[in-house]
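Data block below; observations after.
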Amino acid sequence: MKITIDTSKCSGHARCWATSPDVFELDDDGYAVAYDGEVPAELATAAREGALACPERAIAVE
């Protein structure tokens, strides 16, 4: 499973990080940074929850 973030849609609300801090990080400007590499199976649910928390739907979990 991989996470991609459409940076043109991300508004920096940080809801993904607030929901799933083990999966998402924030850059110096407060915008989401996706998990680097393949998301481990034990974090799959957290990845989906973080993506669903995004009001702009800027996060894809595949």
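What dipole magnitude, in Debye to the nearest 20, does the chain give about its Cα centre under +1 on Lys/Arg Cβ and -1 on Asp/Glu Cβ? Could the numbers behind the result be given before it?
On the way: 5 positive and 12 negative charges, 64 e Å.
Using Cβ point charges on Lys, Arg, Asp and Glu, the chain gives about 300 debye.
Per-residue surface analysis assigns Lys2 an accessible area of about 100 Å², computed on protein heavy atoms at 1.4 Å probe radius. All other residues whose Cβ lies under 15 angstrom from that of Glu25 are scored, Lys and Arg at +1 and Asp and Glu at -1, for a net of -4. The P(r) of the chain has a tail past 13 Å containing 51 percent of all C-alpha pairs.
Treating the angle as unsigned and between 0 and 90°, give the value, to the nearest 10°, between the Cα long axis of helix 44-53 and the longest Cα principal axis of the chain. Between the helix axis and the principal axis of the chain, the angle is about 20 degrees. The residues neighbouring Glu38, those whose beta-carbon lies less than 13 Å from its own, together hold a net charge of -2 under the Lys/Arg +1, Asp/Glu -1 convention.
The values are calculated or read from the model by the stated rules, or taken from the named source; none is laboratory data. Being a predicted model, the structure only gives us computed values, none of them experimental. As a convention, Cβ positions derive from the backbone with ideal geometry for all residues, glycine included, and neighbour counts pool all protein chains shown. Please note that ligands, DNA and RNA were not included when accessible areas were found on the heavy atoms of the full protein model with its side chains. Shrake-Rupley method; radii C 1.70, N 1.55, O 1.52, S 1.80 Å.
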